[in-house]
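J.: Attaching a single structure in structure tokens format; questions to follow.
The values are calculated or read from the model by the stated rules, or taken from the named source; none is laboratory data. Since the model is a prediction, treat every value here as computed from it, not as a measurement. Cβ placement follows ideal geometry from the backbone for every residue including glycine, while neighbour counts extend to all protein chains displayed. Accessible surface is based on the protein model in full, side chains and every heavy atom, while ligands, DNA and RNA are left aside. Shrake-Rupley method; radii C 1.70, N 1.55, O 1.52, S 1.80 Å.
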Amino acid sequence: MIPYGRQEITEADIAAVQDVLRSDFITQGQAVPDFEFALAKTCKAKFAVATSSATAALHLSCLALGVKTDDWVWTSPNTFAASANCALYCGAQIDFVDIDERTYNLCALKLEEKLIAAEKNNCLPKVLIVVHFSGQPCDLKAVRALSLKYGFKVVEDASHAVGAQYDGEPIGACIYSDITVFSFHPVKIITTGEGGAVLTNDASVARRIELLRSHGITRDSAELEANAPQPWHYEQQHLGYNYRMTDIQAALGISQLGRLPGYISKRHEIAQRYELALAGQDLLTPWQHPTGHSSYHLFVIRIPGPATGDRRNRIGRALRSAGIQVNLHYIPVHLHPFYKQLGFKLGAFPAAEQYYSQALSLPMYPTLTTREQDSVVEHLTNEMNR
Ligand SMILES: *Cc1c(COP(=O)(O)O)cnc(C)c1O
């Protein structure tokens, strides 16, 4: 079986985890701050706060940016549901901005049109969550210009984009955003089992997220209300959660982070081999915007065919029967039953819906062998021409 994505775990990773298991602290020890320091340094951000997942990180980001009941949060329909769910956790209202037909990222022109309309109706978003789909950075400069003009905050859901670059700078540097969120789920670029992180250059946002990650509890003498507190004193000052990462996970993260540059170049090599092998076929390979350097979390092809997706479905099923676990990223969020029940309808975001009828994610991960890749290409081209 060839999966669409998978982790690589080395002996060094295992040794790093074992070290933590044999130490005094398996959570709330030194590995988490060490991982946070290494992440912030790699991404040229001032602060990194590790969390139990990207979903938790997105929830905390919305809270830290002040998202409340009746605020609006906008995101892309072409994403994992967590990018939208985080707004609903805060009691906010969610809406979507349709995608660009070449990058499959939220389209900045459609964003501007929607902002003009929202300003007239007095319902501008408080936060926009952009998603660097497949690891390709979205149009951050255009989004930042609009955020300054219309006064909303920007969160980058960079779950796919650890190790990607935008205009020569690492994703996570938050040059054009308020917060960047990473995921370390095993199918993503590097893994901690489960895990996520928030990166920001804003000290107060970082501190707020740190507090909310651990019940809203502080022991910091400068923050306590009590005067001359006892050494065991702590105070819960906000309603927080247990969204902490363990030291076991962080040790794995530190070890994996060292291999990040190698992973990105390997993913580019695999992408180039697909490009060469699939040239001349009646399909689209992922177009790359020159301002970005993708982390190639996904390699999505588009197979032209009827709007029903019948041709793509037939080809996808045939590949799965052959043990090639192709996948579909993404079913547009607004078409899930839960979101339809909120009032979203088919036809609302036509570019995302048309993309959805054609897309197929081919296997893409650093340990994919050339033989496995050749087998993917052979099965795919046979099915395409059947
Ligand atoms: C994987 C993913 C998430 C959620 O990540 P977890 O770490 O599993 O919570 C959120 N957004 C996007 C775009 C993702 O791909």
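J.: Quick one: 3J(HN,Hα) in Hz for segment 308-325, Karplus 6.51/-1.76/1.60 with θ = phi - 60°, rounded, Gly and Pro as x.
T.: 5, x, 4, 5, 4, 4, 4, 5, x, 5, 4, 5, 4, 5, 7, x, 9, 7
J.: Going by the alpha-carbon gyration tensor, a ≥ b ≥ c the square roots of its eigenvalues, is segment 37-112 rounded (a/c under 1.5) or, if a/c is not under 1.5, prolate (a/b greater than b/c) versus oblate?
T.: Taking the square roots of the gyration eigenvalues as a ≥ b ≥ c, segment 37-112 is oblate.
J.: So which trypsin sites (Lys or Arg not before Pro) in segment 321-379 end up in coil per DSSP with only 14 or fewer other C-beta atoms within 10 Å?
T.: The qualifying sites are Lys345.
J.: When the convex hull of the Cα atoms of segment 137-176 is projected onto a plane and the area is averaged over all directions, what value comes out in nm²?
T.: Across all orientations, segment 137-176 yields a mean hull projection of 2.6 nm².
J.: Could I ask something else about it? Counting only protein heavy atoms and a 1.4 Å probe, tell me what percentage of segment 319-365's accessible area is made up of carbon and sulfur.
T.: That fraction is 57 percent.
J.: Around Asp34, with a cut-off of 14 angstrom between Cβ atoms, what is the net charge of the other residues, counting Lys and Arg +1 and Asp and Glu -1?
T.: The answer is -2.
J.: Taking only protein heavy atoms and a 1.4 Å probe, what accessible area per residue, in Å², does segment 194-277 have with all protein chains in place?
T.: 52 Å²
J.: Ok, one more. Quick one: go through segment 167-208 and flag any residue whose amide nitrogen is under 17 Å from the point 7 Å out along the Cα-to-Cβ line of Gln288.
T.: 167-171
J.: Additional query: In vacuum, with every alpha carbon of segment 225-374 counted as one equal point scatterer, what does the Debye formula give for log10 I(q)/I(0) at q = 0.16, 0.17 Å⁻¹? Two decimals, please.
T.: -1.06, -1.13
J.: Continuing with this model, one more query. Would you mind getting the accessible area per residue of segment 37-89, heavy atoms of the protein chains only, 1.4 Å probe, in Å²?
T.: 35 Å²
J.: Turning to a different aspect of this structure: Can you give me the three principal axis dimensions of segment 230-313 from its C-alpha atoms, in Å, biggest first?
T.: If we take the Cα atoms of segment 230-313, the spans are 73, 35, 26 Å.
J.: OK, next. Could you rank the peptides 18-24, 37-43 by their average count of other C-beta atoms within 10 Å per residue, with the highest value first?
T.: Highest to lowest by the protection proxy: 37-43, 18-24.
J.: Let me ask something else about it. Give me the percent of accessible area attributable to carbon and sulfur for segment 178-269, probe 1.4 angstrom.
T.: Using a 1.4 Å probe with all protein chains present, segment 178-269 comes out at 52 percent carbon and sulfur.
J.: Less than 13 Å Cβ to Cβ from Ile301, Lys/Arg counted +1 and Asp/Glu -1: what total charge do the surrounding residues give?
T.: 0
J.: Express in nm, to one decimal, how much length is gained between Ser204 and Ile331 on full extension, taking 0.36 nm for each residue of separation and deducting their alpha carbon distance.
T.: 42.1 nm
J.: Additional query: Evaluate the Debye formula for segment 1-64 with equal point scatterers sitting on the alpha carbons, no solvent, and hand back log10 of I(q)/I(0) at q = 0.17, 0.18, 0.22 Å⁻¹, in q order, two decimals.
T.: Ignoring solvent entirely, the Cα scatterers give -0.87, -0.94, -1.12.
J.: Tell me, what are the semi-axes, in whole angstrom and largest first, of the equivalent ellipsoid of the chain as set by the roots of 5 times the Cα gyration tensor eigenvalues?
T.: Those come to 36, 27, 17 Å.
J.: Let me have the 222 nm mean residue ellipticity of the chain computed from DSSP H runs of 4+ only, each contributing -39500 (n - 2.57), with the sum over all residues rounded to the nearest 500.
T.: When only DSSP H runs of four or more count, the value is -11500 deg cm²/dmol.
J.: Hey, another quick one. Within the accessible area of segment 64-147, what % is carbon and sulfur when the probe is 1.4 Å and the other protein chains stay in place?
T.: 50 percent
J.: Would you mind computing, in nm to one decimal, how far apart the modelled labels at Thr381 and Glu225 are, each placed 7 Å from Cα along Cα→Cβ?
T.: 7.1 nm
J.: If you count the DSSP beta bridges with both ends in the chain, what percent of them are antiparallel, to the nearest 5?
T.: About 60 percent, rounded to the nearest 5.
J.: Relative to the present Cα-Cα distance, how much length would full extension add between Ser265 and His238 at 0.36 nm per residue of separation?
T.: Once the chain is fully extended between Ser265 and His238, it gains 5.4 nm.
J.: Something else about it: Do the alpha carbons of any pairs in Lys120/Lys149; Lys44/Lys110; Lys120/Lys340; Lys110/Lys149; Lys114/Lys149 sit beyond 19 Å of each other, and which pairs?
T.: Lys44/Lys110; Lys120/Lys340
J.: Subtracting the Cα-Cα distance from 0.36 nm times the residue separation, let me have the gained length for Ala15 to Glu119 in nm, one decimal.
T.: Once the chain is fully extended between Ala15 and Glu119, it gains 31.9 nm.
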